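One structure is given below, encoded as structure tokens.
The values are calculated or read from the model by the stated rules, or taken from the named source; none is laboratory data. For clarity, every value in this text was computed on a predicted model and none was experimentally measured. Cβ sites come from the backbone with ideal geometry, for glycine too, and all protein chains shown count toward neighbours.
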Amino acid sequence: MAKSKSEKKADASKQRVVVRNRRASHDYDLIDEIDCGIVLVGSEVKSIRNGKITIDEAYGRLQNGELWLLNVDIAEYPQASFMNHERKRDRKLLVRKSQLRKFAENADQQGLTMIPLSVFFDRGLVKVKLAVGRGRKQHDKREKLKSKSDAREMRAAKQVRIS
């Protein structure tokens, strides 16, 4: 059965998340987010499609007016033989200059870090969701967990009374 144009557009606009950095929201207070393209070679894209990417220790950096993603581990693609890539090389992120200017103002403030939140495919292209965040201290993390569990208990108690 053939798909209509609107169905094809809906399929094309779907984003398929490959990997998420779940610890980022726990370790940082996230302030601003931006979606970026990323410069990759063919074997890297194949490895990402297979889910062989780690962004747990990755971070972003502004160098010479360009945005770079450092410390991302993309496993080698076994079928690429001698045409394979370096696992932990620096990768350039693609953003518009106006977005970069706005985003970099936040990132240049003291104590702020650029953290990748997720890597996903959007219309066949690999994208990275990058966030600016302020690192949390250990006591802040405990406080947030405590407030979350308190809110969860209150919701559960409310549902029991309603039922």
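Looking only at the range 99-114, which residues are within 30 Å of Lys52 (Cβ to Cβ) and in contact with a Leu (Cβ under 7 Å, 6 or more places away or on another chain)?
Selection gives Leu100, Ala107, Met114.
Kindly provide the set of residues from the range 34-52 that are outside any loop (DSSP other than H, G, I, E, B) and modelled with pLDDT under 90, ordered by number.
Listed by number, the residues that qualify are Gly42, Ser43, Glu44, Val45, Lys46, Ser47, Ile48, Arg49.
Any idea which of Arg91, Arg96, Arg155 is crowded, with 16+ Cβ neighbours inside 10 Å and among the basic types (Lys, Arg)?
Just one listed residue meets the conditions, Arg91.
Cβ-Cβ below 7 Å, separation at least six or inter-chain, first residue in the range 15-31 and closer than 18 Å to Val72 by Cα, second assigned to a helix (DSSP H, G or I): which pairs?
Once the first residue is closer than 18 Å to Val72 by Cα and sits in the range 15-31, its partners that are assigned to a helix (DSSP H, G or I) give Val18/Ile48.
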